[in-house]
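Heads up, the thing below is written out as structure tokens.
The values are calculated or read from the model by the stated rules, or taken from the named source; none is laboratory data. This structure is a prediction, so every number in the text was calculated from the model and none was measured. Counting neighbours? That spans all protein chains shown, and the Cβs are built from the backbone with ideal geometry, glycine included.
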Amino acid sequence: MPDKQPYDAIVLGVGGIGSAALYQLALRGASVLGIERFDVAHSRGSSHGDTRVIRKAYFEHPDYVPLLERAYQLWQTLDAPQPLFHPCGVLSMGSPKSEIISGIQTAARMHHLPIEVLSPTDIKARYPGLVPHPDHVGLLESDGGYLMVEDAIRFQVKEALRLGARCLTNTRVESWNAKAGHNITVHTSQGTFETAQLIITAGAWAGDFLTHLQSKFKILRKHLHWFGSEDRQMSDLPIFFFALPDGLFYGFPQIDQWGVKVANHAGGESIANPLKISPAPDSNDLATVRSFCAEHLPTLGGQQRHEVCMYTQSPDGHFVVDRHPEYDNVFFTAGLSGHGYKFAPVLGEILAQLALDNKTPHPIDFLSAKRLF
């Protein structure tokens with residue numbers, strides 16, 4: 001396809017959020033270019049490892065719930081060949097006074113979300129593979145579940161291309177230049193491109209393109225583990241969260257030959273350069289996760305698979321979704337802090353609305369970058 005310039009919008013980074021933004025822009029008829037440093041649905045960033053959790057009663061902050069309600073609607077509209085959203089339920093377990101339990105109850109109460117309360121006895125009877133702490137309570141969100149990460153990224157990019165978008169892969173963005181009242185120039189390893197609007201969804205590389213925020217983010221290397229099991233009931237598990245003194249552990253039912261996926265949401269190793277992230281396992285992380293599994297998922301066997309991903313951690317653990325402070329035609333999401341993928345469709349919609357309409361009806365004031373300064 002011949003290059004059409006200037007574009008209505010260019011998207012820098014076509015991962016979880018960028019693929020959604022590319023699709024939403026193309027859906028609205030914009031001429032749009034996506035630029036991705038690696039391949040589509042690669043394993044060098046944050047959005048990979050097969051699956052991610054989706055849940056609505058958000059313990060992190062109740063203000064996320066309206067965005068989640070829209071995200072749920074948009075996930076249902078993605079008519080992929082294979083389902084992208086699998087509603088298996090989400091069971092969160094912790095002390096009644098813990099942040100996760102009190103936060104879920106607050107969000108559910110404020111937004112009238114159905115939550116089922118389960119005792120340890122209830123949990124063991126319903127899900128024999130799980131062993132909760134005897135003093136903890138469980139909260140079950142029946143319409144939560146998991147999303148197929150790489151499948152969704154590939155599908156949204158494919159649909160965007162079908163609608164007329166262009167996407168350059170294995171292309172390094174060297175710089176971008178903006179001047180008030182003029183188009184933006186983006187310099188890449190495959191040439192220079194011009195656009196009326198720029199959207200930055202670069203994940204761990206966001207600081208390279210948003211220098212005013214570079215010092216605000218910390219990049220963490222995180223580990224994902226899969227453990228085998230001969231217990232057929234492990235395929236019937238909900239998504240599970242265990243809020244424990246040594247971490248917030250979470251996992252997925254067995255969906256394929258790799259077994260049950262388990263990880264520790266807490267902690268992580270700080271890294272200076274996302275290009276130099278090591279794929280090697282970490283013995284301390286593995287020991288912590290193995291110890292958790294021995295106590296709370298005792299039927300799991302040996303490790304079958306290991307992956308690493310990155311969290312781009314903001315100071316308060318909340319997203320940054322905003323307009324550039326100097327340029328009215330530059331928009332971005334950054335600092336998703338390890339819990340952003342479930343929001344991908346609505347964040348893509350928000351970015352498309354900001355770029356094309358200069359406004360969004362979605363409530364995002366609480367995610368403004370102003371709070372970081």
Next on the checklist: Looking at Tyr23, Tyr58 in this structure, which one is closer than 29 Å to Trp205 by Cβ, in contact with an Asp or Glu (Cβ under 6 Å, 6 or more places away or on another chain) and in contact (Cβ under 8 Å) with a residue 12 or more places away in the chain?
Outcome noted: Tyr23
Checklist entry - Out of the residues in region 321-373 that are outside any strand (DSSP E or B), touching a Leu at 6+ places or on another chain (Cβ under 9 Å) and among the aromatic types (Phe, Trp, Tyr), which is nearest to Gly49 (Cα to Cα)? => result Tyr341
Checklist outcome for this item: Log entry, pairs with first residue in region 346-373 being of a type in the set (D, E, K, R), second being surrounded by 12 or more Cβ atoms within 10 Å (Cβ to Cβ), beta carbons closer than 7 Å, six or more apart or on different chains, reads Glu349/Gln24; Glu349/Leu74; Lys359/Gln353
Checklist entry - Quick check: anything in region 251-266 assigned to a strand (DSSP E or B) and modelled with pLDDT under 95? => result no
Checklist entry - Residues that are touching a His at 6+ places or on another chain (Cβ under 9 Å) and either among the small types (Gly, Ala, Ser) or in contact (Cβ under 8 Å) with a residue 24 or more places away in the chain (or both): which helices (runs of 4 or more DSSP H) entirely in region 118-225 hold 3 or more of them? => result 149-162
Checklist entry - Any residue at all in region 348-368 that is under 30 Å from His86 (Cβ atoms), small (Gly, Ala, Ser) and surrounded by fewer than 23 Cβ atoms within 10 Å (Cβ to Cβ)? => result no
Checklist outcome for this item: Taking region 1-47 and the residues there that are within 23 Å of Pro274 (Cβ to Cβ) and among the β-branched types (Val, Ile, Thr), the one that is farthest from the chain's Cα centre (by Cα) would be Ile10
Checklist entry - Among the strands (runs of 3 or more DSSP E) confined wholly to region 1-102, which include 2 or more residues that are under 16 Å from Gly348 (Cα atoms) and modelled with pLDDT of 95 or more? => result 7-12, 32-35
Checklist entry - Got a number for residues in region 285-320 being in a loop (DSSP other than H, G, I, E, B) and closer than 20 Å to Gln254 by Cβ? => result 3
Checklist outcome for this item: In the set Ile115, Ile199, the lone residue that is within 26 Å of the chain's Cα centre (by Cα) and farther than 30 Å from His42 by Cβ is Ile115
Next on the checklist: Considering only region 301-322, I want to know if a residue exists there that is in contact with a Cys (Cβ under 8 Å, 6 or more places away or on another chain), outside the structural domain of Gln353 (by TED's automatic domain parsing) and β-branched (Val, Ile, Thr).
Outcome noted: no
